[in-house]
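Accompanying notes for the structure given below.
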Amino acid sequence: KPRLYSGMQPSADSLQIGNYIGALLSWKALQQTHDAYFSIVDLHALTVAQDPVKLRENTRRTAAQYIASGIDPSAATLYVQSHVAAHAQLAWVLNTITGFGEASRMTQFKDKSAKQGSDGTTVGLFAYPILMAADILLYDTVVVPVGEDQRQHVELTRDIAARFNSRFGDTFVIPEADIQKETAKIFDLQNPTAKMSKSAESHAGVIWLLDEPSVTAKKIMRAVTDADGGVVFDRENKPGVTNLLTIYSTMAERSIQSLEDEYAGRGYGDLKKGLAEVVTGTFGPIRARVLELLGDPAELDRLLAHNADRAAGVANVTLARAFDRVGLIPRA
Ligand code: ATP
Ligand code: MG
């Protein structure tokens with residue numbers, strides 16, 4: 001089976017619907033056909049300020065949400081990034097062959113550093129994509145399923161891998177991003193031209209996996225639309241309605257066309273009501289399962305430890321190869 005790698009940051013106490021649609025749904029399918037590694041990337045989360053108590057809690061909560069959403073920890077390797085030391089170790093080596101200008105061109109860095117201000121912007125935030133390159137390359141990954149927002153980071157990973165290979169000899173597999181075109185980007189319900197994010201300043205337009213159904217429904221009913229009234233998919237002129245249709249279509253596994261037909265002439269209220277039912281219907285059971293899993297943290301930790309061992313077995317082989325190629329002597 002081809003190797004696959006992907007991850008999510010434990011940067012909030014719940015995942016948002018963009019993570020579910022853009023990542024988890026495709027992971028669930030891909031774990032059948034691939035040798036899949038799914039990481040909870042806690043080292044990445046540290047690149048912006050985190051409360052240690054919350055980070056610990058959010059890491060377990062993220063793991064529980066992966067499992068409750070259908071990631072099977074016996075079919076796929078589901079582990080916490082910091083449990084496999086090779087990630088930070090390889091990242092250091094890759095830092096040394098990445099250009100400052102090259103890293104400066106990453107749009108996620110530009111966006112996030114603009115929000116953090118110059119004192120809040122850490123070297124870690126700058127190096128984020130290089131740590132991500134290490135994550136991917138350690139597993140001889142062929143496929144990286146991510147949202148559109150991560151395309152540039154996967155491109156950088158390919159550049160770094162190719163550079164390493166040409167400088168030090170064939171070492172890394174060159175990975176490829178797998179981006180689902182139509183569902184690649186879910187937008188904020190209150191600001192439908194901005195990506196929905198766990199770390200958004202305002203939560204008013206974010207649909208959380210673990211929200212109470214009534215809260216989710218309220219947020220959907222209040223989603224920004226337009227004055228035109230037509231339920232039509234039109235990214236340019238009707239970003240709000242288009243976003244709702246995208247979410248509806250993936251969550252209900254229905255075509256955009258059939259939704260446009262069903263809601264033609266019925267107005268946005270009906271569309272939103274229908275969507276709220278679909279979303280809460282899917283997230284309700286997931287939420288219940290998450291709470292169940294979190295009720296036994298020791299069992300969850302055991303499972304993560306076991307999976308981390310499996311991941312480390314693969315990662316350490318690649319790390320040793322890379323260390324050797326650059327001239328670091330093995331510990332006797
Ligand atoms: P943060 O705000 O902390 O960066 P995030 O919501 O952007 O959080 P990540 O942990 O950075 O989430 O990304 C996890 C996965 O979810 C990635 O594969 C990413 O491409 C995908 N993803 C994140 N936001 C969206 C979105 N709005 N639409 C589709 N996919 C998304
Ligand atoms: Mg992100």
If A177 meets every condition in (1) in a helix (DSSP H, G or I); (2) within 14 Å of ligand 1 (Cβ to nearest atom) apart from one, which number is that one? (1)
What is the one condition in (1) within 15 Å of ligand 2 (Cβ to nearest atom); (2) assigned to a helix (DSSP H, G or I); (3) crowded, with 20+ Cβ neighbours inside 10 Å; (4) not acidic (D, E) that G124 does not satisfy? (3)
Would you be able to say whether some residue in the range 212-220 is under 13 Å from Y268 (Cα atoms) and either part of a loop (DSSP other than H, G, I, E, B) or within 16 Å of ligand 1 (Cβ to nearest atom) (or both)? yes
Conditions first: (1) free of Cβ contacts under 8 Å to residues at least 60 places away in the same chain; (2) hydroxyl-bearing (S, T, Y); (3) within 10 Å of ligand 1 (Cβ to nearest atom). T33 passes all but one, so which condition is the exception? (3)
Examine the range 84-102 for a residue that is among the hydroxyl-bearing types (S, T, Y) and within 14 Å of ligand 1 (Cβ to nearest atom), and state whether such a residue exists. no
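Residue-by-condition table, conditions (1) crowded, with 18+ Cβ neighbours inside 10 Å; (2) more than 28 Å from L78 (Cα to Cα):
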site	(1), (2)
S258	no, yes
R266	no, yes
D270	no, yes
G281	no, no
V290	yes, no
D296	no, no
A308	yes, no
T318	yes, no
When the residues of the range 59-88 are filtered to those that are surrounded by fewer than 19 Cβ atoms within 10 Å (Cβ to Cβ) and among the polar types (S, T, N, Q), which remaining residue is farthest from L15 (Cα to Cα)? S74
Can you name the strands (runs of 3 or more DSSP E) wholly within the range 1-115 that have at least 2 residues being within 27 Å of R289 (Cβ to Cβ) and of a type in the set (G, A, S)? 3-8, 35-40
Is it the case, given these coordinates, that V53 is over 21 Å from R310 (Cα atoms) and more than 13 Å from ligand 1 (Cβ to nearest atom)? yes
Scan of the range 187-197 for residues that are at pLDDT 95 or above and either β-branched (V, I, T) or surrounded by fewer than 18 Cβ atoms within 10 Å (Cβ to Cβ) (or both), ordered by number: N191
Residue check for A200: closer than 25 Å to F109 by Cβ, within 16 Å of ligand 2 (Cβ to nearest atom) and either part of a loop (DSSP other than H, G, I, E, B) or at pLDDT 95 or above (or both): yes
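The values are calculated or read from the model by the stated rules, or taken from the named source; none is laboratory data. Just so it is clear, the structure is predicted and the values come from calculations on it, not from any experiment. Cβ: placed from backbone, ideal geometry, glycine included. Neighbour counts: every protein chain shown.
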